[in-house]
Amino acid sequence: MGLKKSIAAIEKLIKELVESDDALQKSYDLLLSVPGIGHITAIYLIVCTNNFSGNISGNQLASYAGVAPFGNSSGTSIKKPQKVHKRANKELKKILHMGAMSVIHCNPDMKQYYDRKMAEGKHALGVINAVKNKLVLRAVAVIKSQRPYVDNFVKSEPIIKNAA
């Protein structure tokens, strides 16, 4: 019980700290508007980026989080698969993984994206990594635009070809 009380006390202090600063509160609320980003992910992104100071781009944050794949090729002779960098922020990557898993199950847009990529024959972890990348890019986009995330997703109907 002591550990649970300590965690609750720390979370309360973090919440009070965020509420005491208008800039932190604004960023926190904007990040929470993105599907797949919850309380812990929003706080961790704010801490890692120093509240998105320094005009960080989505690709820079994705690279820092280890969700941006890098190619390794040289002309026509060397063709290696794309990989993420081994010195990424592993903790942020783990947190984003949990957000990606939840958004794949709960958000129809990401569910359709995941299903489409799996049908194309992509590896499941590669598709999840792409979803993590999308989460990071959306997080940076809402911070830069200073507007909450708007879901414009319209589920497409399956295409049925007429046999005429």
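The values are calculated or read from the model by the stated rules, or taken from the named source; none is laboratory data. Because the structure is a prediction, the values reported are computed rather than measured. Cβ atoms come from the backbone with ideal geometry, glycine included; neighbour counts cover every protein chain shown.
Points worth noting:
- The residues in the range 31-45 that are touching a Pro at 6+ places or on another chain (Cβ under 6 Å) and in a helix (DSSP H, G or I) can be counted, and the count is 0.
- If you go through the range 12-56 and keep only what is of a type in the set (Asp, Glu) and in contact (Cβ under 8 Å) with a residue 40 or more places away in the chain, you end up with just Asp29.
- Residue within the range 112-120 that is in a loop (DSSP other than H, G, I, E, B), modelled with pLDDT under 90 and not polar (S, T, N, Q) present: no
- Yes/no for Ile7 being within 22 Å of Val127 (Cα to Cα) and at pLDDT 90 or above: no
- Tyr64 closer than 22 Å to Asn107 by Cα and not in a loop (DSSP other than H, G, I, E, B): no
- Failed item in (1) in contact with a helix residue (DSSP H, G or I) (Cβ under 6 Å, 6 or more places away or on another chain); (2) outside any helix (DSSP H, G or I), with Asn50 passing the rest: (1)
- Search result, residues across the range 31-42 that are more than 14 Å from Val136 (Cβ to Cβ) and touching a Lys or Arg at 6+ places or on another chain (Cβ under 9 Å): Ser33, His39
- Residues being under 13 Å from the mean Cα position of the chain (by Cα) and either surrounded by 15 or more Cβ atoms within 10 Å (Cβ to Cβ) or modelled with pLDDT under 75 (or both) - total across the range 65-100: 11
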